[in-house]
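Okay, structure first, notes after.
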Amino acid sequence: MQVLVSVVRADEVAAAVAGGADIIDVKNPREGSLGAGFPHVIRRVRELTPARLPVSAAIGDAPDLPGMAALAAAGAAACGVQFVKVGLLGPREPCAARVLLAAVCRAAREQDPAVRIMATAYADAAAVGALPPLELPAVAAAAGADGCMLDTARKGGGGLLAMLTDEDLESFVGESRRAGLLCALAGSLCEEDLPRIAAIAPDIVGFRGAACRGRRREGWVDAEAVRRLRARATAR
């Protein structure tokens, strides 16, 4: 199980790397759960991250506007990242979600054929009117994405484990694997959640707040916090 740590600023990269993060993710929480970072920040994060570590870039909690999402995906892929993450916030039905996601995949791969697309659904989809999260694996496979991720759209209202049961998450991971997709879990997760997450066994587990000083999303990534998360995530 790999540990993804989200950074907001380029000067957080060193702490994330020192703590042992497997994937460095770039996002802008001021613009949402998967708020898009600025291109100059994404490029600088890629420059500062060791070549052996992949970099991921979020392109936003996307409305149901495939052209806009495709343009954002092309811009992110042009920054040299290995993963592009898109949140399927706007599309409510599988067909619309598939159309948007297929546009993202095409646009990103036209910039870089090797880039991998992670489609994200929200555990609190019912509250925000988004695609039901357990429908994501089928949508992602049909659209040609490389992986699926679950997150939460609203922060502060309970994390992933408060919104979905372990059985739901096991089903999500199983469906993703059967479709040949990477699977990732995130959404206000903390160190104490890792035994439950490890039992579910996603490929990737993502953190922002828990990786920061004082466990605050608005704080700064702390190497020791990342080190603790990785130790728990890889414990046998």
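The values are calculated or read from the model by the stated rules, or taken from the named source; none is laboratory data. In this text, all values refer to a predicted model and were calculated from it rather than measured experimentally. Glycine gets a Cβ as well: all are built from the backbone with ideal geometry, and neighbour counts include every protein chain shown.
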Item to check | Which listed residue is polar (S, T, N, Q), touching a Cys at 6+ places or on another chain (Cβ under 9 Å) and either farther than 21 Å from D64 by Cβ or buried (at least 20 other Cβ atoms within 10 Å of the Cβ) (or both), from T120, T152 | outcome: T120
Checklist outcome for this item: Checked region 200-221 for anything at pLDDT 95 or above and farther than 29 Å from E170 by Cβ; matches are V221
Checklist entry - Is there a residue in region 128-151 that is of a type in the set (D, E, K, R), under 17 Å from I59 (Cα atoms), modelled with pLDDT of 95 or more and touching a helix residue (DSSP H, G or I) at 6+ places or on another chain (Cβ under 6 Å)? => result no
Checklist entry - From the residues in region 155-169 that are free of Cβ contacts under 8 Å to residues at least 60 places away in the same chain and under 16 Å from S33 (Cα atoms), which one is surrounded by the fewest Cβ atoms within 10 Å (Cβ to Cβ)? => result G156
Checklist entry - How many of the residues making up region 177-219 are more than 18 Å from V17 (Cα to Cα), touching a Gly at 6+ places or on another chain (Cβ under 9 Å) and aliphatic (A, V, I, L, M)? => result 6
